[in-house]
Amino acid sequence: MMGISSNKIMQDTGHRAGVKDILIRLSGAGLLLALGLYFMIGGLNLGLGSPFRPGTGAFPFFSALLLMGLALGILWQDLQQDGLADRPDWISFLAIGAALSVFALVTERFGLLPAVFLTVLTASAPDRSLPWWGKAALGLFMAGLSYVLFIEALGLPFKAIRGI
Amino acid sequence: MDVLANFSAGLATVLQPETLMYCFIGVFLGTFIGVLPGVGSMAAIAMILPLSFYLEPTVAIVMIAGVYYGAEYGGSIASILMNIPGTPSSSITCIDGYPMARQGRAGVALFVTSIASFGGGMIGMIVMAVLSPSLARLALQFGPAEYFAVIFLGLIAASAVSNGGALRGIAMVVAGLMLSTVGIDLTTGDLRFTLGVPELRDGVHLVIVAMGLFGVGELITSIRANREGRGRQEIDYAKFYPSAREWRASWGPIWRGGLIGSFFGALPGTGQTVASAVGYAVEKKVSKNKDQFGKGAVEGVAVPESANNSATQTAFIPTLTLGVPGSASMAMVIGALMIHGITPGPRILTEHTELFWGLVASFLVGNVLLLILNIPLIGLWVRLLQIPYRLMYPAIIVLICIGVYSLNNNVFDIWMTLLFGVAGYLMRLYRFEPAPLLIGFVLGPMMEEQLRRALLLSRGDPMVFLERPISGGLLAISALILIYGLWVTLRPRRNITTDDTSIIQNNKPSSNTGASS
């Protein structure tokens, strides 16, 4: 029941795929092919050894070979499909990506609490239903909670604020 | 008698104040995280894993198990109240749970869920206590070829019947196997695919892969689902306790679901989804109340919940006794054990008796805690679901960041999590399941090691895998599952009716966490 693809439903309800949909759909198998190629070349360079004593590169090489074969099968399968491809949700994608980046950039320079505060602000930035003071209040609340939970209660070796 | 004596010793371990406290924390946090729409048991375990590093192995594994079944139960709450199953196994509960909620019987559905989960959990625990020692004795006769074959079977079973189809599932397993080769080759000491980055010498940490694929990936997906308004439904909580008729109608399904679940849970790769689905199908056949199924039948909630929780417990049987996880969550359990220096396998019963029987006994204690906690807290979970998701997801992302950063106090881990988060999101977009990748990632090093050993012992003769009866038999079963999976994927599809489409749309999981999560 759950395995029936949304593409098939789209097809039955009359939506047709454009070139962009086809490209989006095929790019999944394309990425797998590229990944397989990278590990295959890497495996070859590491050395395949012999059946008696397989080399360092044997396992990744043969896994990559199998992956590339499977990727070709998936490519063929996806070519048979019609209908609209799922489109990426760029807003959520960028907000969460930026939030993680902010945490990574801020935490070692300024400490955990500023990092948590700015991470919350960044993650919730695209949400227009929450006013700026609501986002700031949520950030402050999470920073306080992180301090109590992770630094005070669990004693994790984090610096709350650098320089203090 | 041995089983009873060992179980009593395990119970004494779990009832130590520290273990009991962490069991409670695990069950509570698991339920809390599982209730959040779009966050399944995998993400819950990934979030709690860094904390477990600071604990004794037995305490850590008891807490992780508590998080696991707590989150599975929590996922059912979101399924019933909001029709957003976090995992495919919860989607079966939606079929009757959500109509019950719409009829003003949400309280009854949640109450029955608690009782059925408890009943199923107890049946699963008994099956695990009785079966595990025999399976472990059998596994002591295994050599490298048998281990390779059983790992192979686990990988094929987990991938060939996955939601995205056999080709996609197997491709993800293979990608996981490849990813597991990053870092130092333990046999030769050579570096593989580290790109000159010193942090990659020890490979990619399991928590990073899991947090990225499941935590970050699911989060991006569920923000969209919540922005589009799925899940904000008006529910009437007027009625809380089941009537006498509903009690009577629930007992049979709880027993049947528990037995079906314990069977399917113990098979690698099938897990809770198949257990819930088969339990539901069987109940629909045998019930006197067939025509009410899909319209709010209490049996339709009791049976998948019992089967789900029973399978959750018995999934530990192959995980601990063979070292082969049947699901991504179990792969995380194996990873957690290995981080504590414990290698799962048949010797775990003799070398880590306290841990094994402590875990079995913790199922009893944990399920009692789940029951005590959740009957009075149903109102709290319901109110938690009323908190807007826009306040939830920034908090979840903070927990993920801190959890990952606490591994090594190194921001490189955050960048890697971001990378795997992007990969996890793309996988959902391209209809690939992340769960088989994680299973492949965990089993990869073991598989490579056993393969090398078997070839070394047989002087490079690959026929060793087919000539030995257990190994040959397991590979034959793998081949059958593979053929079946490919047949299901590649056969011509039947035409879809309007009814099918509405069922899919009504029961679509908020995120694709995999058939075996």
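Remarks
- Conditions (1) under 23 Å from the mean Cα position of the chain (by Cα); (2) at pLDDT below 90; number of the one not met by B:Tyr405: (1)
- Residue count for the range A:140-150, restricted to those that are at the interface with chain B (Cβ under 10 Å from one of its Cβ atoms) and either aromatic (Phe, Trp, Tyr) or farther than 18 Å from B:Ile397 by Cβ (or both): 2.
- Extreme residue, farthest from the other protein chains (Cβ to nearest Cβ), among residues of the range A:104-139 that are among the small types (Gly, Ala, Ser) and in a helix (DSSP H, G or I): A:Ala136
- Condition check for A:Leu105: surrounded by fewer than 18 Cβ atoms within 10 Å (Cβ to Cβ) and closer than 26 Å to B:Leu167 by Cβ: no
- Some residue of the range A:23-42 being basic (Lys, Arg), assigned to a loop (DSSP other than H, G, I, E, B) and at pLDDT below 85: no
- Of the helices (runs of 4 or more DSSP H) lying entirely inside the range B:301-378, those containing at least 2 residues that are closer than 28 Å to B:Trp251 by Cβ and touching a residue at least 40 places away in the same chain (Cβ under 8 Å) span B:316-321.
- Single residue of the range B:174-212 satisfying the filter (at the interface with chain A (Cβ under 10 Å from one of its Cβ atoms) and of a type in the set (Asp, Glu)) that is surrounded by the fewest Cβ atoms within 10 Å (Cβ to Cβ): B:Asp190
- A:Arg162 passes every criterion in (1) facing chain B (nearest Cβ under 10 Å); (2) charged (D, E, K, R); (3) assigned to a loop (DSSP other than H, G, I, E, B) apart from (1).
- Output for the range A:138-164, where each listed residue is surrounded by 14 or more Cβ atoms within 10 Å (Cβ to Cβ) and of a type in the set (Gly, Ala, Ser): A:Gly139, A:Ala143, A:Ser146, A:Ala160
- The condition of being surrounded by fewer than 22 Cβ atoms within 10 Å (Cβ to Cβ), at the interface with chain B (Cβ under 8 Å from one of its Cβ atoms), under 28 Å from B:Arg428 (Cβ atoms) and in contact (Cβ under 8 Å) with a residue 12 or more places away in the chain holds for only one of A:Leu35, A:Leu70, that being A:Leu35.
- Residue among B:Ala171, B:Ala158 that is within 14 Å of chain A (Cβ to nearest Cβ), surrounded by 24 or more Cβ atoms within 10 Å (Cβ to Cβ) and touching a residue at least 60 places away in the same chain (Cβ under 8 Å): B:Ala171
- Complete set of residues in the range A:16-75 that are polar (S, T, N, Q) and under 29 Å from B:Trp487 (Cα atoms): A:Ser27, A:Ser63
- The C-beta contact set for the range B:460-475 (first residue within 12 Å of chain A (Cβ to nearest Cβ) and at negative phi, second residue surrounded by fewer than 17 Cβ atoms within 10 Å (Cβ to Cβ) and not in a helix (DSSP H, G or I), distance under 7 angstrom, 6+ apart or interchain) comprises B:Pro462/A:Pro51.
The values are calculated or read from the model by the stated rules, or taken from the named source; none is laboratory data. Source: prediction; values computed, not measured. No Cβ is skipped: glycine too gets one built from the backbone with ideal geometry, and neighbour counts run over all protein chains shown.
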